[in-house]
Amino acid sequence: MSDTDSAANSPKPEAIAERIRAAILEHRLAPGAKLTEAQLCEVFSVKRGPIRLALSQLAGERLVDLEPNRGAFVASPSLQEVHEVFEMRRIIELAVVEKICNGHGMRRLKNIGGMIGRERKAFETRDFPAWIRLSGEFHTELASLTGNTVLCDCLHGLVARSTLISALYESLGRSPCSFEDHEAILAALDAGDAKEATALMSRHLQSVELKMLDRPARGAADLHEVFGALAPK
């Protein structure tokens, strides 16, 4: 295969960023893990240019820290950031609940119920990456029912940062986001009870924030092991 053909078949920076993002949000890459360019080049069979573009994209999303003369690391949010992220989530998600109860997306709540069912199943089968992903998607999918794309974009970023925070402060196999809480919130929304749904969402987000434990994850990551199964053959 020529160099031109090889380059054409290599993953684009956006695809590399998506794979790294998924590894972070599924807790396969811990906060503080070093993202060595040379290893990433080997794993994804690309030169340094696409890797640097992917890491720059993730740095813009606050999922990766780029440190001069040291390289790239999975971000390690501080406790102050935990508070700030959840403060913003409360502002946005209480507004989401009120909009839904006022008729925005009520007919599509059944799809949310199916998602919670998959979240419960992932927990029961100990599929922790899927459980973590679905617990975040409950919140972003609720937001999508409002039809407000700016609101959705803001919440997507906040939920991604929340998931990173949970990787830092929660033990493996635990998630601070309860599907039982999600079921109760959905029931209140389905009944059109804005007051109850708002109260439940507020308590849920407060509980999630308080469950974050001051116990940072440690240890270096083997990037070949994390991404080996995903890299092109």
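For Leu35, nonlocal amide neighbours, meaning residues 5 or more places apart or on other chains whose placed amide H falls under 5 Å from its own, are Ala72, Phe73, Val74. Under the simplified labelling scheme, the His104-Leu210 pair shows an inter-label distance of 2.9 nm, with each label point 7 Å from Cα along Cα→Cβ. If you take the beta carbon distance between Asn9 and Glu61 as r and set R0 to 41 Å, what does 1/(1 + (r/R0)^6) give as a FRET efficiency, to the nearest 0.05? The computed FRET efficiency comes out at 0.95. Oblate is the label for region 79-211, because the ratio a/c of its alpha-carbon gyration tensor axes (a ≥ b ≥ c) is 1.5 or higher and a/b is not greater than b/c. Taking 7 Å steps out from each Cα toward its Cβ at Glu18 and Met88 produces label points 2.4 nm apart. Between Cys154 and Thr140, the modelled labels are 1.7 nm apart [label points 7 Å from Cα along Cα→Cβ]. Taking 10 °C and 1.306 mPa s as conditions, the chain diffuses translationally at an estimated 84 µm²/s according to Stokes-Einstein applied to its Kirkwood radius (Cα pairs).
Solvent-free Debye calculation, one equal scatterer per alpha-carbon of region 7-75: log10 I(q)/I(0) at 0.14, 0.17, 0.19 Å⁻¹ equals -0.36, -0.53, -0.67.
Among the trypsin sites (Lys or Arg not before Pro) in region 72-181, those located in a DSSP loop and surrounded by at most 15 other Cβ atoms within 10 Å of their own Cβ are Arg126, Arg174. The stretch between Ser78 and Asp193 holds 37.8 nm of extra length on full extension. This uses 0.36 nm per residue minus the Cα-Cα distance. The residues neighbouring Leu158, those whose beta-carbon lies less than 13 Å from its own, together hold a net charge of -3 under the Lys/Arg +1, Asp/Glu -1 convention. Of Ser166, Ser207, Ser144, the sequence from fewest to most neighbouring Cβ atoms within 10 angstrom is Ser207, Ser144, Ser166.
No lab work stands behind these numbers, since they all come straight from the coordinates. Remember, it's a predicted structure, so these values are computed and weren't measured experimentally. Note that each Cβ is placed from the backbone with ideal geometry, even for glycine, and that neighbours are counted across all protein chains shown.
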